[in-house]
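Encoded as structure tokens, the structure appears first; notes follow it.
Readers should treat all values here as calculations from the given coordinates under stated rules, not as data from a laboratory. All values derive from a computational prediction rather than experimental measurement. In this analysis, Cβ positions are derived from the backbone assuming ideal geometry, glycine residues included, and neighbour counts consider all displayed protein chains.
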Amino acid sequence: MSTITKKELALLVSDHAGCKKNLAAQLVDSLFTTMRDSLIEGNRIEIRGFGVFQVKDTRPKPAARNPRTGEIIYVPARRKTHFKPGRLLKEALHQAREPEAGGGDSAAATGAAMPQVSPPSEESNAV
């Protein structure tokens, strides 16, 4: 499993969209800046086919314990980010795991691309 940085993501966007690398880097940077600002404001971000980013409030923990000293400390309530993957992303992740379970070479190790998942057809929606 490898990590893709923001710079590498911008290069992938540039190659896929056929635009200049500087423009792709600005687009990726502005997208993440806008998403960060929106989450800080408490908004929910829904990207169809990918997932939902949202901010959730945690409850305070009045009786937490410091494991090193054993001292009882108060942990205040805070906000945390939460990501819930969408259906298409879940399906793609489940499909990518199946070959790995057999003990063979994984798609990530061989450099193969992720399988493309098409949206449901109109015929499957008409029940």
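Couple of notes before you dig in:
- Charge context of P76, other residues only, Cβ under 12 angstrom, K/R +1, D/E -1: +3
- When the P(r) is computed for the stretch 44-103, the part past 18 Å accounts for 62% of the Cα-Cα pairs.
- Over 30 Å (Cα to Cα) - which of K7/K90; K6/K56; K7/K61 fall in this group: K7/K61
- Where labels lie 7 Å past Cα in the beta-carbon direction, separation of R68 and R36 in nm: 2.9 nm
- Using the Cβ of K7 as centre and a radius below 14 Å, the other residues enclosed give a net charge of -1, where K and R count +1 and D and E count -1.
- Ascending count of other beta-carbon atoms within 10 Å, so fewest first, for F83, F53: F83, F53
- Applying a DSSP loop filter and a limit of 16 other Cβ atoms within 10 Å to the GluC sites (Glu not before Pro) in the stretch 1-76 leaves E41, E71.
- Close amide-amide hydrogen proximity is noted between G51 and G86, each under 5 Å apart and 5 or more residues distant or on a separate chain (H modeled in the peptide plane; Pro and chain starts excluded).
- Remark: the Q95-E46 segment gains 15.3 nm on full extension, using 0.36 nm per residue and subtracting the alpha carbon distance.
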